[in-house]
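Contents: one structure, followed by commentary.
The values are calculated or read from the model by the stated rules, or taken from the named source; none is laboratory data. Remember, predicted model here, so these are calculated numbers, not experimental data. A quick note on method: Cβ atoms are made from the backbone with ideal geometry, for glycine too, and the neighbour counts reach across all protein chains shown.
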Amino acid sequence: MTPAPVRVAVVGVGHLGRHHARVLADLDGASLVGVVDADAARAAEVAAANQTQVIATVADLIGRVDAVSIAVPTEAHASVALPLMAAGIHVLVEKPMTRSVAEADQLLAAAAASGVVLAVGHIEHFNPAVLAARPHIHAPRFIEVHRLGTFPERSLDIDVVFDLMIHDLGLVLELVGSEVVGIEAVGVPVLTPRVDIANARLKFANGCIANLTASRISRDQVRKIRFFQPNTYLSIDYKAQEVEAWRLVPQKGGMPRIDGGKLDVLRDEPLRRELEDFVAAVRDRRPPGVTGEQGRAALVLANDIVSRMG
């Protein structure tokens with residue numbers, strides 16, 4: 001028997017949330033029950049575009065949905081998620097997970113108490129280029145990240161570390177698999193009162209160093225991460241969904257040769273993969289691709305970086 005579709009809704013259909021609604025409306029195994037937004041006109045527009053309905057309040061979702069994707073401003077993540085989780089509704093919250101570690105702990109406790117899935121929207125974990133590169137990443141010694149964007153009309157309620165850099169923090173933590181033991185950081189507020197460009201240098205217990213730069217005031221958009229490890233170099237272009245891998249190949253009785261080039265990448269929309277994973281996690285009662293614990297770890301590291309900026 002084909003399982004019944006997972007009944008989902010989206011809370012917050014602004015810049016990001018409208019894409020959540022678009023994907024969920026067309027996702028196998030999911031049924032988009034409705035959307036909630038403080039802006040009634042925007043909610044109506046997104047609902048009409050995706051052949052669903054406007055639901056007036058978050059409380060009205062209880063009893064009508066199995067899962068909710070939350071894409072409201074960060075400051076409201078906890079207040080929206082907690083009553084839903086208490087009612088047994090599974091949630092995906094956009095990154096950063098919450099505005100504070102204390103609120104993240106509240107979400108984790110609520111998920112444990114209700115037995116619901118808690119996923120966090122760290123979308124680059126689902127980027128096809130990252131998935132293609134993963135089997136080739138082994139004990140990196142140095143990681144270089146550049147995430148540069150043009151000045152946005154969104155996410156200005158948080159600084160660039162929580163807006164952009166946090167994408168890479170979560171991924172680096174997972175791929176290095178070691179404790180951060182040292183942080184050097186600098187951040188500059190250029191066009192807003194909050195930090196608009198930041199650099200962080202992380203030292204891990206296993207000796208790996210990661211250097212991350214994030215900016216939302218650049219002229220060009222760049223989203224790249226490079227890994228340097230014994231005998232291997234990998235470069236991932238998140239935006240283009242491309243990976244180059246080069247390695248040193250020993251030659252019997254002679255100089256080693258450099259071999260490599262572009263890896264095969266099955267291109268797809270990362271958000272679609274993320275929401276597919278969330279719906280499958282709800283249906284199969286399994287952990288999501290990015291758990292609440294992982295979202296909390298990225299949030300803790302982001303806070304530590306900001307605290308080092310002085």
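The figures follow:
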item: Residue tally, condition among the small types (G, A, S), modelled with pLDDT of 95 or more and over 17 Å from I123 (Cβ atoms), over the stretch 1-27; result: 2
item: Residue count for the stretch 166-199, restricted to those that are buried (at least 18 other Cβ atoms within 10 Å of the Cβ), out of contact with any Ser or Thr (no Cβ under 8 Å at 6 or more places or on another chain) and among the hydrophobic types (A, V, I, L, M, F, W, C); result: 10
item: Scope the stretch 32-72; condition within 21 Å of A4 (Cα to Cα) and polar (S, T, N, Q); matching residues; result: N50, Q51, T52, Q53, S69
item: Candidate set: the stretch 192-214, residues that are at pLDDT 95 or above and more than 20 Å from the chain's Cα centre (by Cα); chosen: the one nearest to I166 (Cα to Cα); result: R201
item: Evaluation of V290 against (1) assigned by TED's automatic domain parsing to the domain that holds R134; (2) surrounded by 13 or more Cβ atoms within 10 Å (Cβ to Cβ); (3) β-branched (V, I, T) (one fails), failing number; result: (1)
item: Condition check for I217: outside the structural domain of T74 (by TED's automatic domain parsing) and either assigned to a helix (DSSP H, G or I) or within 19 Å of the chain's Cα centre (by Cα) (or both); result: no
item: Output for the stretch 59-74, where each listed residue is surrounded by fewer than 21 Cβ atoms within 10 Å (Cβ to Cβ) and either at pLDDT 95 or above or closer than 15 Å to L118 by Cα (or both); result: A59, D60, I62, G63, R64
item: Looking only at the stretch 200-221, and only at residues there that are touching a Ser or Thr at 6+ places or on another chain (Cβ under 9 Å) and within 17 Å of L171 (Cβ to Cβ), the one that is surrounded by the most Cβ atoms within 10 Å (Cβ to Cβ); result: A200
item: Sole exception among (1) closer than 30 Å to S31 by Cβ; (2) within 18 Å of the chain's Cα centre (by Cα) for L266, by number; result: (2)
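Residues checked against (1) in contact with a Phe, Trp or Tyr (Cβ under 8 Å, 6 or more places away or on another chain); (2) outside the structural domain of V161 (by TED's automatic domain parsing); (3) in contact (Cβ under 8 Å) with a residue 60 or more places away in the chain:
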{"site": "A198", "(1), (2), (3)": "no, no, yes"}
{"site": "F204", "(1), (2), (3)": "no, no, no"}
{"site": "G207", "(1), (2), (3)": "no, no, yes"}
{"site": "L212", "(1), (2), (3)": "no, no, yes"}
{"site": "I225", "(1), (2), (3)": "yes, no, yes"}
{"site": "L234", "(1), (2), (3)": "yes, no, yes"}
{"site": "D237", "(1), (2), (3)": "no, no, yes"}
{"site": "L248", "(1), (2), (3)": "no, no, no"}
{"site": "G253", "(1), (2), (3)": "no, no, no"}
